[in-house]
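Chemist: Provided herewith is a single structure, encoded as structure tokens, for subsequent inquiry.
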Amino acid sequence: MAAPGAFSWNSELPNGRNPFWIRDEALSGLGLHVGDAVSVDTRAEPRDGDLVVVEVELEDDSLRTARRYFTLENANQIRLEAVGEAIDAIEVPSDQVMIMGVIVGRLRFAAGEATPTEEPLRGE
């Protein structure tokens, strides 16, 4: 079974953003479930409350995941919260987090269409 989190298509969308597929239920409160794709702006700087894709160092391992982002203690700590599922928040020193980008919308792939459609997230 795949590790929870999110992973990249390793390509770029026509709008310059990057697609990421969700692999856990941490954003289910926004209607994002395992296998859903989101559009990520890799050039945006996250602000408190933004949805982000991050790489987090945890106990000699790393986890790429999508969560709601908050800075704590004068930006020395980062809190990553799930939205809607009873999944524990992650709090780590800021030097253990690499921001991959800010989630800006959901991607829909229609049969026969080469380019996905970007939609706003509900409840965001």
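Chemist: Could you please find all residues in the range 26-41 being among the hydroxyl-bearing types (Ser, Thr, Tyr) and under 17 Å from Thr117 (Cβ atoms)? Even if it seems obvious, please write down each step before you answer.
Modeler: Taking the range 26-41 as the starting set, the residues that turn out to be among the hydroxyl-bearing types (Ser, Thr, Tyr) are 28, 39.
Listed by number, the list holds a single entry, Ser39.
Chemist: Here are some residues: Arg79, Arg68. Which one is under 11 Å from Ile103 (Cα atoms), at pLDDT 95 or above and open to solvent by 20 Å² or more (accessible area, probe 1.4 Å)?
Modeler: Numbers: Arg79 fails: under 11 Å from Ile103 (Cα atoms).
Step by step, each of Arg79, Arg68 is checked, and only Arg68 is under 11 Å from Ile103 (Cα atoms), at pLDDT 95 or above and open to solvent by 20 Å² or more (accessible area, probe 1.4 Å).
Chemist: In the range 20-31, which residue that is open to solvent by less than 50 Å² (accessible area, probe 1.4 Å) and within 10 Å of the chain's Cα centre (by Cα) is farthest from Arg67 (Cα to Cα)?
Modeler: Within the range 20-31, the subset open to solvent by less than 50 Å² (accessible area, probe 1.4 Å) is 20, 22, 24, 26-31.
Among the residues that remain, those that are also within 10 Å of the chain's Cα centre (by Cα) are: 20, 22, 26-27.
Working: Phe20: 13, Ile22: 10, Ala26: 7, Leu27: 7 Å.
Looking at the filtered set, the residue picked out is Phe20.
Chemist: Here's another thing I want to ask about it. So, in the range 88-124, of the ones that are over 24 Å from Ala75 (Cβ atoms) and touching a helix residue (DSSP H, G or I) at 6+ places or on another chain (Cβ under 9 Å), which residue ends up most open to solvent (accessible area, probe 1.4 Å)?
Modeler: Taking the range 88-124 as the starting set, the residues that turn out to be over 24 Å from Ala75 (Cβ atoms) are 105-123.
Subset that is touching a helix residue (DSSP H, G or I) at 6+ places or on another chain (Cβ under 9 Å): 106, 121-123.
Numbers: Arg106: 20, Leu121: 22, Arg122: 142, Gly123: 76 Å².
Among residues in the range 88-124 that are over 24 Å from Ala75 (Cβ atoms) and touching a helix residue (DSSP H, G or I) at 6+ places or on another chain (Cβ under 9 Å), the one most open to solvent (accessible area, probe 1.4 Å) is Arg122.
Chemist: Need a quick list: strands (runs of 3 or more DSSP E) entirely within the range 29-104 having at least 3 residues that are in contact (Cβ under 8 Å) with a residue 24 or more places away in the chain, out of contact with any Phe, Trp or Tyr (no Cβ under 7 Å at 6 or more places or on another chain) and closer than 27 Å to Glu12 by Cα. Can you show your working first?
Modeler: On the way: elements: 37-41, 51-58, 61-72, 77-81, 90-93.
Qualifying strands (runs of 3 or more DSSP E): 51-58, 61-72.
The values are calculated or read from the model by the stated rules, or taken from the named source; none is laboratory data. Not measured: the values here are computed from a predicted model. Methodologically, a virtual Cβ is constructed for each residue, glycine included, from the backbone with ideal geometry; neighbour enumeration extends over all protein chains shown. Just so you know, the surface numbers come from the protein's heavy atoms only, side chains and all, with ligands and any DNA or RNA stripped out. Shrake-Rupley method; radii C 1.70, N 1.55, O 1.52, S 1.80 Å.
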